[in-house]
C-alpha cells in the first residue's frame, strides 16, 4: 500500500502527457479538481503551446519538487528558418522575414556551436520573474525590459531532419534552458532568423513520454486507479 497524507489522499509522482494549449498550472488544477486532491504541483513548467512530459507531484511528494527541477530535460523541437517573431514561437507576431539560403552542412555547423555551457537571455514571453514581475505579463502589455543573460547547459543537440525552411532537432539540456530562445539564437547564427513551431518534451529526468498518461486517460480513472498509477518517489 502506498503512503498517503490521509487514507483518501493520493500520494506520489504522476507523469502526464500535457496537451498543447494548456498551461502547466491548468493541468494541476484539472487533476486537483477532478480527484479532489488538496496538495498537487508540477516539477518543471512546460509552455502552453508545448506538449509532452509534465511531472506532477501529489500529496506530500510536493515537498520533493526541487529534486526534479534540477534534472535534465529532453525535447523534440521544430524550427522555421527565415522568420523571427516577437515571442520566439508561432503564437507571436512576425517582426522580420528573410530569405533562407543555407545548406544542410551550415545548419549542422550552427547547431553544434550551441552544445556545452552557453549564455541565454531569458525571452520576454517566459514565466521568469524580474523584480517580482512575470516577464510574459509585461510582454503582453508591450513592455520590454532588460534581462541579464544566464548560463545554461546544452548537453546534446541532434539534427533529426532538414526540410527547409523547417529544421527538427532533439535537445538534451539542463535546468532553466529556453528552447524558444535556442531556436532564435540558432537562426541568428545562420543569418536568417528563426522561430519555434513545435515543441514536445519527451523526457524529464527519469520519466519518459512512453510512461505518460493523457488527461483524457486520467479522467476515465477513479481515485483508486489514480493512486495505483502514481509512482513512489
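Every number here is computed from the coordinates shown, using simple stated rules; none is lab data. Quantities reported herein were computed from a predicted structural model and do not represent experimental measurements. Neighbour counts run over all protein chains shown; Cβ positions are idealised from the backbone, glycine included.
Points to keep in mind about this one:
- Anisotropy class of the stretch 24-74 from Cα gyration tensor, a/c 1.5 cut: oblate
- Relative contact order computed over the chain (Cα-Cα under 8 Å; 6+ residues apart), in percent: 29 percent
- Residue ranges 100-112, 33-45 sort as 33-45, 100-112 when ordered by packing (mean number of other C-beta atoms within 10 Å per residue, highest first).
- Inter-site label distance for residue 39 and residue 69 at 7 Å from Cα along Cβ, in nm: 1.7 nm
- Rounded to 10°, Cα long-axis angle of helix 179-190 versus longest principal axis of the chain: 10 degrees
- Here the mean projected area of the convex hull built on the C-alpha positions of the chain is 13.1 nm².
- Segment residue 155-residue 94, extension gain: residue separation times 0.36 nm, minus the distance between their alpha carbons: 18.9 nm
- Fewest-first sequence of 195, 29 by Cβ atoms within 10 Å of each Cβ: 29, 195
- In terms of packing, defined here as the mean over residues of other Cβ atoms within 10 angstrom, the peptides 174-181, 75-82, 116-123, 18-25 line up highest first as 75-82, 174-181, 18-25, 116-123.
- Once you reduce the stretch 143-206 and the stretch 6-54 to the center of their Cα atoms, the two points are 24 Å from each other.
- The length gained by stretching the chain between residue 119 and residue 106 to full extension, at 0.36 nm per residue less their Cα-Cα distance, is 2.5 nm.
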